[in-house]
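Rule-based calculations on the coordinates, nothing more; no lab input. On a predicted model such as this, the values are computed, not experimentally measured, just so you know. All Cβ positions, glycine included, derive from the backbone under ideal geometry; neighbour counts span all protein chains shown.
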C-alpha cells in the first residue's frame, strides 16, 4: 500500500528497564509485539499528521481488536475500532499487539 516503511524500533533488547523503557512499554515486556514507525511511503510520522491518521485508519482495517496505537495526545480525536490509544512521545508512530491473541485480519480490503 505505501511502497516503503521505515521502522525505528522493533524487537528492542531491553537489558535494563531503565534503558529507554517506559514503565509498561510492550517494547520491554514483549519486544516481539511492538513496532515504532518513523516513515511510511516517504512521509515522516510523528503521531500527529494527516499521514499518521491515514496510516492508522488503514492499519485499523487489518489489526485485531485489542491492538494499541500511541501518540493519542499528538493528533485530533481519531476514532479507531481495533486500537486502544495511549499517550507516547510525538516523535514516531507506535503500534503494538497489546493484549490481543487474535490474528491480523488481512484480506482483500487491506490493499
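Observations on the model:
- As a proxy for reagent exposure, ranking 8, 99 by other Cβ atoms within 10 Å from fewest up yields 99, 8.
- Full-stretch length increase - residue 1, residue 54 - with 0.36 nm per residue and alpha-carbon distance subtracted: 17.9 nm
- Extension gain (nm, one decimal) between residue 8 and residue 91, 0.36 nm per residue minus Cα-Cα: 28.9 nm
- Added length on full extension, which subtracts the Cα-Cα distance from 0.36 nm per residue, residue 61 to residue 105: 15.1 nm
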